[in-house]
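What follows is a short report on a single structure.
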Amino acid sequence: MGQPFHNIDNVIKASAIMVHEQGHFSPRKVTVSTSGFVPQLGTQLLAAASLNARTDEVRNWIMTINRKENLNLLLGTLRGELNLRKKKQIVLSEYAMLSGVNGSG
């Protein structure tokens with residue numbers, strides 16, 4: 001499906017439809033998942049970050065975006081965003097276990 005933050009305008013439009021009173025979704029239940037497209041994380045959407053590895057070496061192998069926007073950049077941006085937001089908010093972390101690759105034995 002690609003990175004939702006590459007298409008941020010349409011993601012924002014779609015989320016506005018979902019949280020409209022006729023869409024029946026709570027704004028607190030709409031989350032956008034990213035594996036690291038850092039420049040657009042400053043939006044007001046809730047975020048889930050796909051980590052999938054503890055090191056850049058492994059993450060580079062399974063997620064090519066990490067070569068451009070590595071784990072430290074992603075985590076630093078997420079920390080910075082959370083500090084800037086006025087309301088208390090969480091960021092979900094996603095981790096797919098891959099046998100013999102990222103600690104899943």
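The values are calculated or read from the model by the stated rules, or taken from the named source; none is laboratory data. This is a predicted model, so every value here is computed, not measured. Note: ideal-geometry Cβ built from the backbone for every residue, glycine included; neighbour counts use all protein chains shown.
Restrict the check to the range 2-19 and report whether at least one residue is in a loop (DSSP other than H, G, I, E, B) and either surrounded by 12 or more Cβ atoms within 10 Å (Cβ to Cβ) or at pLDDT below 80 (or both). Please lay out each step first, then the result.
Of the residues in the range 2-19, the ones in a loop (DSSP other than H, G, I, E, B) are 2-3.
Within this subset, residues satisfying the condition of being either surrounded by 12 or more Cβ atoms within 10 Å (Cβ to Cβ) or at pLDDT below 80 (or both) are 2-3.
Yes, some residue in the range 2-19 is in a loop (DSSP other than H, G, I, E, B) and either surrounded by 12 or more Cβ atoms within 10 Å (Cβ to Cβ) or at pLDDT below 80 (or both).
I'd like to know if the range 76-83 contains one or more residues that are acidic (Asp, Glu) and modelled with pLDDT of 85 or more. Among the residues of the range 76-83, not one is acidic (Asp, Glu) and modelled with pLDDT of 85 or more, which makes the answer no. Residue pairs whose Cβ atoms lie under 7 Å apart, sitting 6 or more positions apart in sequence or on different chains, and linking a residue in the range 5-31 that is within 22 Å of Ile90 (Cα to Cα) to a partner that is in a helix (DSSP H, G or I) and not aliphatic (A, V, I, L, M), are Phe5/Gln40; Ile8/Gln40; Val11/Pro4; Val19/Pro27; Val30/Ser15.
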